[in-house]
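Report on one structure; see the data block that follows.
Just so it is clear, none of the values below were taken in a lab; they were calculated from the coordinates. None of these values were measured; they are calculated from a predicted model. Note that each Cβ is placed from the backbone with ideal geometry, even for glycine, and that neighbours are counted across all protein chains shown.
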Amino acid sequence: MEFRTFVFFFLSGVLLLAALRVITARNPVHAALYLVLAFFSASGIWMLLQAEFLAMALILVYVGAVMVLFLFVVMMLDINLDRLREGFWSYLPLGSIIALLMVAEMALVLGGRQLGLLESSVRQATTEDSNVQAVGRLLFTDYVYPFELASVILLVGIVAAVALTQREKRKNKAVSPGQQVFVKWKDRVRVLSMPAEKRDN
């Protein structure tokens, strides 16, 4: 078996296992950690195909944003954060295993490329165009409508998330500008007549 084939099967197996554990794990922290591992494994497969831009975008966008997403869900569900902090050390073994798997994947992909073991037979773009330029040209020419549709879907998701946070009645006092305009000074100011007082020296 070639080294490239071994790396592909290794990354694919880790990706399938991590994806399965994302939907079967009962603990949300464990599910988030497995999701990070799944994204990282998928980016390794992109690296094997010499699509460096997609691999880095997957890591930066998804792996970087999944923790923010998880924190947002924790805040939405009003989970007791003190209990999560108390159970930090119980998550350490699983987190260490996932971190070691990620380091092993990086070593296989990057080390294999440095040693010349991952020579690709995938047809590359012309020498004048880089990977990023080729993806950008395709994204904004042939696939501009799906790109715009994805942006609309993301906008709908943002609006829905804001609407979910505003379900309860606001506890702060709201002021109606229409009522403020028609207020008269007699309704707000009261002049009191008080007798003068003298201080005794």
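Do any trypsin sites (Lys or Arg not before Pro) in the range 1-48 lie in a loop, going by DSSP, with at most 10 other beta-carbon atoms within 10 Å of their beta carbon, and if so which?
Arg26
Order 90-100, 43-53, 175-185, 149-159 from most to least packed using the mean count of other Cβ atoms within 10 Å.
My ranking of the peptides, most packed first, is 43-53, 90-100, 149-159, 175-185.
Tell me, what HN-Hα J-couplings in whole Hz come from the Karplus equation 6.51 cos²θ - 1.76 cosθ + 1.60 at θ = phi - 60° for each residue of the range 28-37, using x for Gly and Pro?
After applying 6.51 cos²θ - 1.76 cosθ + 1.60, I find x, 5, 4, 4, 5, 5, 5, 5, 4, 5 Hz.
Between Val73 and Ala134, with labels modelled 7 Å along Cα→Cβ, what's the label distance in nm to one decimal, could you check?
3.5 nm
At Leu17 and Val61, where each label point lies 7 Å from the Cα along Cα→Cβ, what is the point-to-point distance in nanometres?
With each label point 7 Å from Cα toward Cβ, the separation is 2.8 nm.
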